[in-house]
1. Select from the stretch 89-119 the residues that are farther than 19 Å from residue 163 by Cβ, at pLDDT below 75 and in a helix (DSSP H, G or I) and list them in ascending order.
2. For the subset of the stretch 163-209 comprising residues that are at pLDDT below 85 and in a helix (DSSP H, G or I), which member is farthest from residue 60 (Cα to Cα)?
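The values are calculated or read from the model by the stated rules, or taken from the named source; none is laboratory data. Every value quoted in this text rests on a predicted model; they were computed, and no experiment measured them. Every residue, glycine among them, receives a Cβ derived from its backbone with ideal geometry; neighbour counts consider all protein chains shown.
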């Protein structure tokens, strides 16, 4: 009988003997004997988020809901949006603008509106899902999630400012205002400490420089 690194091993027994590289002890006494920290020390415990972070998360979720409601309302106002787009298209035709001189009829313009509205609604649902995901990560103190939420708020700003007025309704503006307030709360000085930057990782090749 031989003695292995973790106890006596019988060469006549079936199966390979335990190896150092694939053995992970879970018993606390055994880990202490090997000089390993307790398993509870391997898990990073995050402190409760500050009150302003909690308020910001609620505002983000509220902004996501109001934004989706705005796109649903936009779909409900499909007839009014179509009429306003047709009026704008006919005005462009009379003005001789190049975008209105491509042989597109009024019926073709009207037929493309429903598909566009549904596409925007599906996109808003995807953005709302991303807001919910990153808001949860922000509550845990993830710095990159805060940046992602800021980019999503910028995307909503581009929609409100860049889209024709026929597509934008008051709910979109309210959602944008809520998102802006929520983003400002995450960048206040007394909250920024909850989002520590990632530690710099020293690469192996830097040891030789």
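1. Result: 93, 94, 95, 98, 106.
2. Among those residues, the one meeting the criterion is 208.
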